Structure formats: structure tokens, C-alpha cells
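*Asks:* Sharing a structure with you now.
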Amino acid sequence: MARAVTPRRKMLNTAVAWIIGLLIFFPILWIVILSFKTEGDAIRTPLGVLTSGWTFDSYSVVQERSDYFHHFWNSVILSVGSTVLGLVIAVPSAWAMAFVPGKQTKNVLMWMLSTKMLPPVGVLMPIYLICQSLGLLDTRIALTLILMMINLPIIIWMLYTYFREIPGDILEAARMDGAALKEEVLFVLLPMAVPGIASTLLLNIILAWNEAFWTLNLTAANSAPLTAFIASYSSPEGLFYAKLSAASTMAIAPILIMGWFSQKQLVRGLTFGAVK
Amino acid sequence: MGRITLDKVTKSFGEVQVIPPLDLSIEEGEFVVFVGPSGCGKSTLLRLIAGLEDTTSGHIRIDGEDATDLPPAKRRLAMVFQSYALYPHMTVRKNIAFPMRMAKLDKAEQDRRVEEAARVLNLTDYLDRRPGQLSGGQRQRVAIGRAIVREPAAFLFDEPLSNLDAALRVGMRLEISELHERLKTTMIYVTHDQVEAMTMADKIVVLQAGEIEQVGSPLDLYRTPRNRFVAGFIGSPKMNFIEGNAAKQHGAETIGIRPEHIDITETGEWSGTVGVSEHLGSDTFFHVHDTGLADVMTVRASGEVGYKHGDRIHMTPRPDMLHRFDASGLRIA
Amino acid sequence: MATKASRAAARAMISPSVILLLGWMLIPLLMTIYFSTLRYNLLMPGNNPFVGWENYTYFVTDPAFATAIWNTLLLVGGVLLITVVGGILLALLLDMPMWGQGVVRIMVIAPFFVMPTVSALVWKNMFFNPVNGLFGHIAKALGLTPFDFLSQAPLASIIGIVSWQWLPFATLILLTALQSLDSEQLEAAEMDGADPVNRFVFIMLPHLARAITVVILIQTIFLLSIFAEIFVTTSGGPGDASTNLTYLIYQESLLSFDVGTGSAGGVIAIILANIVAIFLMRMIGKNLDA
């Protein structure tokens, strides 16, 4: 694959790539550093920041404000809930389209994708009013359902591209071996589909966790996830760098780690299988 | 156990009829090979028998019982797929045991049959591996193992050897034939390779465009092909076909003669120039040009014969081995 | 490929998704279209009379509309330019042999996973803030006057933030595409006398063409709807200097509670998004056949 290059050349590549990589990563690194500083140290000159002492104070302050965990918990419920719900609906659909393709399958898939293209702001008013009239504004239920709906096309597509890679022969073999539909799904399809389902789950939790249109517009104190909670720092509180950094670090850390695990799936998931 | 009858079975995909009405009966314990060029409908026919495709009309009977609308699981048939279709997430042991697990056989019996199948197929050392860790030949044997433990009414093989290399293919061919000798269970085997058909079959079914061209034992087909298609398809290298005056002399539109039924003689009825020679050691095949009969004729000589490119040779066909065909390609008795 | 029984089962399994998505698409869409023809303000309860095209005329003739369209185009175009060019360069760099490739990759991808509100706030406060921000400190260290990014160049600053978020996406996809290039093709080109520039132009770029198109189209869909970054940093200002179409509609709808005008804007946004979507669907549809 990669051709042999001179050590000098490799050293140069390494240096350039690391410098650029660190520059891109720097803002994240910076908030992690600031989160371990006192408020006073956090607004000092960069050199002053680096040479000052370390402290966990900001984390304990953010932790003491119990509403942080309230919002963290909202984020968990919304992202996991909407994704799991979406999977329950999408797995049978994707299974059927991958293994029993009909003349309309392609059109149905394309149409499903097209619903994803609807700009959220285009339907903001009706959704807002529907939620209002049902008393669902600022509730987790409404937001879970909405996040499920906006990610459902992606979930179906990802599962479909994974399922399509499972050879149909194997399912037919199971049928010949006497497996009924239930057993075929349980013993053969699901075990083979688990990696695909897992990556779909991971990517969609990330997407739901970071969703910041509906979560900002349909929530207030009660059901606001971290996206909306962090946004409340936008005015005066934003000047408390250390606390903002600590809260931000805690908001992005779980997703950053999940994201690093799902790099590969990210590409095929977000390009709907067009790039693998 | 294992009598399969097809009665006016047809199959259409939408408007396209891929199998016109077809009758066939397969006797108990027979080794039947469906052979034909790709796209001839042989795999579709096998899948109809398996129940993996709906029959459009007609009836399929297994041991006298109408199985046309039975799901595959209920037909007591086992199938070995071209891709082997092993379950990648299960060990060899679990793969082989899967059909018995589905049939809810008792655990001790499952173990006994798996061990027995593994012993017969030389898989004992691999029982706890996954399919991904096995060679092509071993995967093939696992697929066969999974089929035999069910003790099915019949085995269906869908081009099972086409993914193996040439040497393994010959070995597996023998193993499958031996398996048939031992089990005496009906086997239906699909292939496009006429050598496999000739070497393994009790009965060959030659198919073209969904229709049966001829049914018979390998030697029947070799000796008395019903038409030009079968004559050309069975036998390797292919039969030489000669049209025109030489055929008219024998009262036929076309005559056919196999390469092994032409002798190279000092003088002879036919003559031509040697082109390419293929030296196999045991035999030598010459491609002969400028015969005035056909573009190229293939002639077999026994052993090593040293004609060179451009040599002029004379040939004599064995008269009792000439096949005569009429204008529509049918054999003239 | 299948039997009648499995077809019936398949239809039953597909229908829940189809029904849900159909409802999700049609009901709000029809409501938006309906509202856009009414004089309907939540602050002024009344009988919401039918006014025809009035909301559209009002929305489109508002000078803020032209600005918003222009800002949307600049935002989308600017981010696309930066991320695609930057993404190609980064992908080429990351594809070269080096030590610690995996770690660099992880660092480059990281910004994509940062939620929009966090990245907007971090850039706004820790970097762009003229007093305490890092750029301010650097300017002062160099003896320059700190630049107030968000008030003097609001749109450019937002383009910067959004590009930082989307550069990883472009890089990752282009890198994946680049790695799928058969190295024998490059070797064949080298044997044929192509230098590195020629190899990039004649072999790599055509190979990347499809991935680049996918990046452009998918990013466009998301970039047309940029909201949180503006909401958190500039609130569309100063004035309407950084208001895009999405933010303008949000202002009409949820800040002025003017359902009618907001809906008219929504319909316009849907039409614009559909024009992009048609191209995207063609692309993906072609891929489905392959």
C-alpha cells in the first residue's frame, strides 16, 4: 500500500501533520485546560494560564448547581431514547427493504431520505403550535419524538446499507435449515447485524446529542438538554471562563469519546453509503 | 424417501417466463445433475424445488406429497449453497448443529450427529473454529456437514464447487460421490461444468432457456445426444460439426463427430493443416485448419504424437460414431 | 428472490416507518402552507383572516430578506470553499506515511463532535473576545490593537466557527475516498511519466470527484439551516449583519410571534432547500444502482 519513503520525508510529514492537527484540536484542548483553572487564572494571558496552578473547583461548582446534572440527564434521555425508539421502528423496515427488495424499494428509500432535506425552520411554527396545544412544550416526550423523526431516515439508511452486506444466501440457508421467521431473525440475522446496529446507535446518539435547533426552540428549564443549557451561558455568565469550560468539557467529553470510536461509521452514515 | 416429481411446473418473473411448463421425475436415491449454460434456468429450477422461489403454476411433489406451497423449512430438503452460506458468527459445531437446533432435537443426539458428521468429513479438529478461519475446502465440508445431519429426504447442491481451485474441485467431487454412495439419499446437483455432470451423475438433465433438452445417463447423452445442443454441450473437447456436402453424403443437414472418434491415418477421407497442438501427455489434441469441412476441427491422438504447426495430415472418422442431425438440429436415428 | 409470504411480511414491516415519516412530512408542511396564507399573530388573538400572498409579499419585500439571502449564500459558500479546499489538502497530508497517524486523525476529527452551542461559545469567549480572548492576547503581545471579531466582522467570524466544525467532516470523507484509490493506478501513472502534480490532477482529483460532490451537497443541506451558532454568538447582529434565512424566520416566528409571516418564510426556505435536495437525491440515487 503505502510506499517506502525516506525517513527525512516521513519526519517532515509527521511534523506538518502534528502541527496542523494540534491547531485544529487546540480549542478543545484549551477549554480542558481552562476547566482546571480558577476564574482569575483562566482570564490571564496565555502564558499566565499555563503557568498557574491546577484545581477541580470549577467542576465542583458546576456539579453543585444541580441543574447541570438535570440537563445532562435530559441529554442522555433524549439522545438514547430517540435513537432506541428509532431503531425499534427502523430495524424491521430496513430488514424488509434489504432482503425483500421490490420495485418500489428504491423510491421509498429515496423518499425517506428526502424528508431529511426539509429545513427544520420551515416547519417550526406548526410543530411549535402542535406542541403548545398538546401541552408538550418543554417536555422530554415531545423532543424525544421529534429527534427520533429527524434521525429516522438516517437510521433506516444506515441499517439498510449494513443489512445489504449480509449475504442473502445465509438467510436462505437458515430457511432451508428449518428456521421460521422468528428464529431466522433471532439466531442468524441479528447476530450478524449487531455490529451495524451498534454503529447506527452510536452515530445517531451523537447526532441527537448535538442537535441544536429543536432543543433550543422547544425547551425551557425543564427539558433542556446540554445544548440549550450551554447556550444559557451565552451572556454574562460566559465571562466565567473556568466554569464555562468545565461545563463544556463535561458536555462534549462523552460524545467525543463515542465519536472517536465511530469514525468509520460516521463516513458511511452521513453520506448514506455513497462513500465507504 | 426422496422421490421428487415436477408436474407442469412454470416460473415467471413478472412478464418473463423463465421456466416454461416442465415435467421431471427424480427417483429415490438418484444422483441427478442439472447442467446447462449460465442463465438456462437450472438454479431457478433448484430454488423452486427448495421452496426459495414460488412456483407460478404446476405442482412439486416430494414422496408423493404436494409440496408446492410448503415453506422451505417444511420440505425436508437440505441445500449446499455456492457461497456455502455458513453462519459467520457461529463455530463450526454450531453451524452443523443449527438445523437440529431448529428441529428441537435433543442435545445428546445433536452432539452425536455433529461428531459423526465431523468424523466423516475430517472436521473434528476444526469444530470450535469459526468459518472465517477455515480454507475454502473446509468451509465446503462444513456446509455439507450442516446438510447431512438433518438426514433430509434429498440434498440440493447449487454449484457447490465453483469457488474452489481446480485441484480441490476434483477432490471434493470424489468426496461428494462417495457421500452419495454411502448415504444413498437423493441428490440434485446444479452445475455449468459438464465434466462434473458426466463424472458424478446417475442422471443428467440438460437445460437450455428453461427447457429440458434431454434427460438420461451420462453415457446415453454421450452416445445418443437427442439434438445438436446436447451433442455440443456434453463431451470435452467439443464435438466437431460439419455442414454442407460432407453432411449431405450421410443424408443429414449436419453431421457431428467427436475429436476422439477421428483417427489420423496415412491416407484418409479428410485432410487439413495442423495449427495449434495441445500436448497433455496422455493425449494430444490438434486443431486442424483448411479441411474444407469446418473452420477448425479438433482431433485427438493417443499419447505423444509429434506433428508440427503447418504439417499436412489425413484423418478418417469412425463411421459408427457419426452423429447425424436434421435441419432443425434433431438427431436422425 | 422472494416468496409471496415474505413480500407481505415485508410490507407490514416497512409500513410503520412510512406512515410516521409521511405524517411527519405532510402534516407540518400543509400546516405551514396554510398558516402562510393567514394573518396570524399569537400576540394579537383574532379570527386569523385569509390574506392570500400578503405574508409572502411582506416577507420578501422586507429589506432584511435580501440581506438574509445574501448572508445565507455567503455563509454556505464561504464554509464550503474553506472546508473543501482545506479538506482536500488535509486528506492528502494525512494519507502520507508518518508517525502517529491515528492520533493526528483523532485530533482532526474532534471538532465535528463538539455540540454547536459549545463551539460557538468557546470561540466567542475564549478566542474572539477582544479583552480576554486568546486572539486579543496575541494581538496585544504583538503590539496591535485587539480586533473585535464578532462586532466588526460578524459573518466572517461565524464562517470561521462553522468551518472549524465542518472541516473534519470534509477531511474524513475525502480521506476515506482517497484511501480507496487503487495504488496501482498511481504507480501506472508514475510509470507513464506523470509527476506528483499530474498524478493529483489526472488521477486523484477525478477519483475524489464523487466524494467532493457528496461533501458539498450534504454540507449544503446542513449549512442552510445554521442556527445555534448565530443564536449564541451574535443573535443575527449587529443589525442584521449576520442574520441568515433560518435566523430571520426564527425572529419572525418565535420572537415576534408572527405565525403567518414566519410560515411564509418557512415555505420559501423549503423551496430553496428542495432545489439543493434534488441534486443530492440524484447523486445518491445513482449510487444505489451501482
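*Asks:* Check whether at least one residue in the range B:116-131 is over 16 Å from the mean Cα position of the chain (by Cα), under 27 Å from B:Ile234 (Cβ atoms), within 14 Å of chain A (Cβ to nearest Cβ) and open to solvent by less than 70 Å² (accessible area, probe 1.4 Å), and report yes or no.
*Replies:* No, every residue in the range B:116-131 fails to be over 16 Å from the mean Cα position of the chain (by Cα), under 27 Å from B:Ile234 (Cβ atoms), within 14 Å of chain A (Cβ to nearest Cβ) and open to solvent by less than 70 Å² (accessible area, probe 1.4 Å).
*Asks:* In addition: Looking at B:Arg223, B:Arg258, which one is basic (Lys, Arg) and either closer than 30 Å to B:Glu181 by Cα or under 15 Å from the mean Cα position of the chain (by Cα) (or both)?
*Replies:* Result of the check over B:Arg223, B:Arg258: B:Arg223.
*Asks:* If only one of A:Ala17, A:Ala42 is within 11 Å of chain C (Cβ to nearest Cβ), of a type in the set (Gly, Ala, Ser) and either over 30 Å from A:Tyr233 (Cα atoms) or touching a Ser or Thr at 6+ places or on another chain (Cβ under 6 Å) (or both), which one is it?
*Replies:* A:Ala17
*Asks:* Hey, among the residues in the range C:192-209 that are surrounded by fewer than 17 Cβ atoms within 10 Å (Cβ to Cβ) and of a type in the set (D, E, K, R), which one's farthest from A:Met117 (Cα to Cα)?
*Replies:* Looking at residues that are surrounded by fewer than 17 Cβ atoms within 10 Å (Cβ to Cβ) and of a type in the set (D, E, K, R), I get C:Asp192.
*Asks:* Sticking with this one: How many residues are more than 8 Å from chain C (Cβ to nearest Cβ), at pLDDT 75 or above and open to solvent by 30 Å² or more (accessible area, probe 1.4 Å) if we restrict to the range A:259-276?
*Replies:* Count: 1.
*Asks:* With a cut-off of at least 1 residues that are at pLDDT 90 or above, basic (Lys, Arg) and over 30 Å from B:Ala301 (Cβ atoms), name the strands (runs of 3 or more DSSP E) lying wholly within the range B:167-237.
*Replies:* Here the list reads B:203-208.
*Asks:* Something else: Give the residue, chosen from C:Leu74, C:Leu90, that is part of a helix (DSSP H, G or I) and either in contact with a His (Cβ under 6 Å, 6 or more places away or on another chain) or open to solvent by 20 Å² or more (accessible area, probe 1.4 Å) (or both).
*Replies:* The conditions single out C:Leu74.
*Asks:* Suppose we filter C:Val197, C:Val201, C:Val214 for residues that are facing chain A (nearest Cβ under 9 Å) and at pLDDT 80 or above; which single one remains?
*Replies:* Only one candidate passes the filter, namely C:Val214.
*Asks:* So, in the range B:252-294, how many residues would count as being open to solvent by 50 Å² or more (accessible area, probe 1.4 Å), out of contact with any strand residue (DSSP E or B) (no Cβ under 7 Å at 6 or more places or on another chain) and outside any strand (DSSP E or B)?
*Replies:* 3
*Asks:* Here's a follow-up. Which one of these is crowded, with 22+ Cβ neighbours inside 10 Å and more than 7 Å from chain A (Cβ to nearest Cβ): C:Phe113, C:Phe128, C:Phe135?
*Replies:* Result of the check over C:Phe113, C:Phe128, C:Phe135: C:Phe128.
*Asks:* For the structure I just gave you, tell me whether B:Ala85 is part of a helix (DSSP H, G or I) and either within 30 Å of B:Thr5 (Cα to Cα) or of a type in the set (Val, Ile, Thr) (or both).
*Replies:* No; evaluated as a whole, the condition is false for this residue.
*Asks:* Would you point out which residue out of C:Tyr40, C:Tyr34, C:Tyr56 is of a type in the set (Ser, Thr, Tyr), surrounded by 17 or more Cβ atoms within 10 Å (Cβ to Cβ) and within 30 Å of the chain's Cα centre (by Cα)?
*Replies:* After ruling out the rest, the residue left standing is C:Tyr56.
*Asks:* Same structure again: With the requirement that a residue be crowded, with 20+ Cβ neighbours inside 10 Å and within 11 Å of chain C (Cβ to nearest Cβ), what does the range A:181-204 give you?
*Replies:* A:Glu184, A:Leu203
*Asks:* Considering only the range B:24-41, I want to know if a residue exists there that is of a type outside the set (Ser, Thr, Tyr), part of a helix (DSSP H, G or I), surrounded by fewer than 20 Cβ atoms within 10 Å (Cβ to Cβ) and at pLDDT below 90.
*Replies:* Scanning the range B:24-41, I find no residue that is of a type outside the set (Ser, Thr, Tyr), part of a helix (DSSP H, G or I), surrounded by fewer than 20 Cβ atoms within 10 Å (Cβ to Cβ) and at pLDDT below 90, so the answer is no.
*Asks:* Quick check on the range B:295-313. Is at least one of its residues among the basic types (Lys, Arg), assigned to a loop (DSSP other than H, G, I, E, B) and at pLDDT below 90?
*Replies:* yes
*Asks:* For residues in the range C:226-272 being within 15 Å of the chain's Cα centre (by Cα) and surrounded by fewer than 21 Cβ atoms within 10 Å (Cβ to Cβ), which is farthest from the other protein chains (Cβ to nearest Cβ)?
*Replies:* By that ranking, first place goes to C:Leu272.
*Asks:* Quick check on this structure: which one of C:Val108, C:Val85 is at the interface with another protein chain (Cβ under 7 Å from one of its Cβ atoms) and under 29 Å from C:Ala139 (Cβ atoms)?
*Replies:* C:Val108
*Asks:* Can you list the helices (runs of 4 or more DSSP H) lying wholly within the range C:112-182 that have 3 or more residues being at pLDDT 90 or above and within 23 Å of the chain's Cα centre (by Cα)?
*Replies:* C:116-122, C:154-179
*Asks:* Follow-up. Sort out for me the helices (runs of 4 or more DSSP H) sitting completely within the range A:85-180 that have 2 or more residues that are at the interface with chain C (Cβ under 9 Å from one of its Cβ atoms) and of a type in the set (Val, Ile, Thr).
*Replies:* A:105-116, A:124-133, A:140-164
*Asks:* Also, I was wondering about something else. Is at least one residue of the range C:28-46 away from chain A (no Cβ under 14 Å) and without any contact (Cβ under 8 Å) to a residue 24 or more places away in the chain?
*Replies:* The answer is yes, given that some residue of the range C:28-46 is away from chain A (no Cβ under 14 Å) and without any contact (Cβ under 8 Å) to a residue 24 or more places away in the chain.
*Asks:* Let me ask something else about it. Take the range B:60-107 and flag every residue that is more than 10 Å from every other protein chain (Cβ to nearest Cβ), farther than 21 Å from A:Glu183 by Cα and open to solvent by less than 70 Å² (accessible area, probe 1.4 Å).
*Replies:* B:Ile60, B:Ile62, B:Asp63, B:Gly64, B:Ala67, B:Thr68
The values are calculated or read from the model by the stated rules, or taken from the named source; none is laboratory data. All figures in this text were calculated on a predicted structure; none of them were measured in a lab. All Cβ positions, even for glycine, are placed from backbone atoms using ideal geometry, and neighbour counts span all protein chains on display. Surface areas here come from the heavy atoms of the whole protein model, side chains and all, with no ligands, DNA or RNA. Shrake-Rupley method; radii C 1.70, N 1.55, O 1.52, S 1.80 Å.
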